[in-house]
1. For the stretch 60-81 and the stretch 1-16, what is the separation of their C-alpha centers, rounded to whole Å?
2. Name the lysines eligible as straight-distance cross-link partners of Lys53: C-alpha to C-alpha under 19 Å, and not fewer than 8 places from it in the same chain.
3. At 1.4 Å probe size, with the rest of the protein present, what percent of the exposed accessible area of the stretch 1-84 is carbon and sulfur atoms?
4. When ligands, DNA and RNA are left out and all protein chains stay put, how many square angstrom of accessible area per residue does the chain have with a 1.4 Å probe?
5. Bin by bin, in steps of 10 Å, what percent of the Cα pairs in the stretch 1-85 do you find, going until the bin that has the longest distance?
Amino acid sequence: MKACGLLGDDVPILSPRTATDDELRRVHTSEYIDAVKRFSSRAASSSSPSSLKYGLGTDDVPIIEGMHELAAVIAGSTLVGAEAVMTGTVKRC
């Protein structure tokens, strides 16, 4: 993004991290997290009654291999950004 001129030189790049299961449980049940992990590891190409129970395997939430890990990095990185703003490490626009 910096190379394309979309970020100024004064904008810090923060390192991403993976959210822990405890952090994910703040908004999701353990049952849901376990289901995402289960379907993530086998990457079912289509939905099933058990995946649809959790809203997985739809057009909005397709089942892809590694989806739990990807989502956990997105959630963890969001927490990194929020923590940086809350602690004053970065300026809020």
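The values are calculated or read from the model by the stated rules, or taken from the named source; none is laboratory data. Values in this document were obtained by computation on a predicted structure and should not be read as measured data. We work out accessible area using only protein heavy atoms, side chains counted, and drop any ligands, DNA or RNA first. Shrake-Rupley method; radii C 1.70, N 1.55, O 1.52, S 1.80 Å.
1. Each part's Cα centre sits 22 Å from the other's.
2. Lys37
3. Values: 3270 of 5690 Å².
Reported share for carbon and sulfur atoms: 57 percent.
4. Working: 6740 Å² over 93 residues.
For the chain, the per-residue accessible area is 72 Å².
5. Result, from short to long distances: 16, 38, 25, 17, 4 percent.
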